[in-house]
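Engineer: Below is the structure I would like to discuss, written out as C-alpha cells.
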Amino acid sequence: MRTKIQYKIQYTMELLAMCLLAAYLQIPLPQVSLALHSWKSSGKFFTYEGLHIFYQESVGVVGSLEIAVLLHSFPTSIYDWYKIWEGLTLRFHQVLVLDFLGFGFSDNPQPHHYSIFEQASIMEVLLWHLGLQNHRTNLLSHDYGDIVAQELLYQYKQNQSGRLTIKSIHLSNGGIFPETHRPLLLQKVLKDGGVLSPILTWLMNFFVFSRSYPSLWAIALASETNPIDFIYEPLDPVNPYPEFFELYRKMLSRSMMSILDDHISHDPQLEDPMGFLNAYLGFIKSF
C-alpha cells in the first residue's frame, strides 16, 4: 500500500510537470531549420476530407513490387525517419511516409475527434491515391505508429477497404501490451489532462484512443501468418525489461525480435540508425 506521503510526492511532481508544460506552451514556436525547411520543400500534400496531409515518397529499386510504409511516433513526425531514409530506398521500389493528422506539417484541426481508425484510413487513402494498393506493403512503425500498424493489419484482415496488401510488419518501441506499457511522462500528461485540459486539448488530443486500447490487437498479432518483427532495446522506458521481453516471447512466440545494444533507449532509428536499419533489413531478408 502506498502511504499518504508517497501520494503527496507524486501529486506534487505531477503538478510541477504540468506547470512546466504550461510555461513551455507559452514559448513562441522556433523558426523552422534549414534542414526541416528542405524536408518540407521536397514533400507533397494531398487532401483527405478537406484536410491537408503532408507526405514524402521516394522511388527506389526498379523492378521491385514491394514498398515500405513508415509510421511515426507520438508526438513527433515523419522526420523521425530521415536517418534511415536513403538506406530504405536502396531496398524497396518505393518508400512512403506521412505526417499523421495533427502532427508535423499536416493539418491540426481543433476541435476534432482523433482516432487510430482515422489515421489508418488516411494512410490507406494515400496508397490508393498513389496507385500503390496492389503493391506488397511492408509496414515499419515506431511507438504510436505501432498501434496504427495494427489497425491497418486489422482492416486488411477484415478486408474492409482493399486499399493495401500487407506482406510484413515491423514494430518498435510501441506499447502493444497494456500489461507492460509504461507511457512517458509527456504521454501521461497529454493523456490525462487534469488542470491543463484546455491547453492540452489545444495542443493535442490523440490519446482519446486509449479508451479502446489495443489489448485485442496483440491477440490478432499472435495469429498473424505474415512475418512480424519487433525491434527491442532493454533501456526503453515504455517497454521495461524483462516484463515486456517475457510477455512478447509468450504471446508472439512465432514472431521475431531484434535486440539492439543495451545503451539504446526509446528512439533507436535516431540513436542508432545503422543498427536499426541493419536489423530491419535483416528481418526483410529472412523471408
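Bear in mind these aren't lab numbers, they're just calculated from the coordinates by the rules spelled out. A quick note: this is a predicted structure, and the numbers were derived from the prediction, not measured.
Engineer: Using Cα positions and a limit of under 16 Å, work out the aspartates and glutamates in reach of Lys285, with same-chain residues fewer than 8 apart set aside.
Structural biologist: Here the aspartates and glutamates satisfying the reach criterion relative to Lys285 are Glu66, Asp229.
Engineer: Another one. Using a cut-off of 15 Å between alpha-carbon atoms, which aspartates and glutamates can reach Lys44, once sequence neighbours fewer than 8 places away in the same chain are excluded?
Structural biologist: Partners found: Glu57, Asp99, Asp107.
Engineer: Right, here's the next one. What whole-number distance in Å separates the alpha-carbon centres of region 226-287 and region 111-164?
Structural biologist: Between the Cα centre of region 226-287 and that of region 111-164, the gap is 22 Å.
Engineer: Let me check against my output: what whole-number percent is the relative contact order of region 24-126, with C-alpha pairs under 8 Å and at least 6 apart?
Structural biologist: The value is 27 percent.
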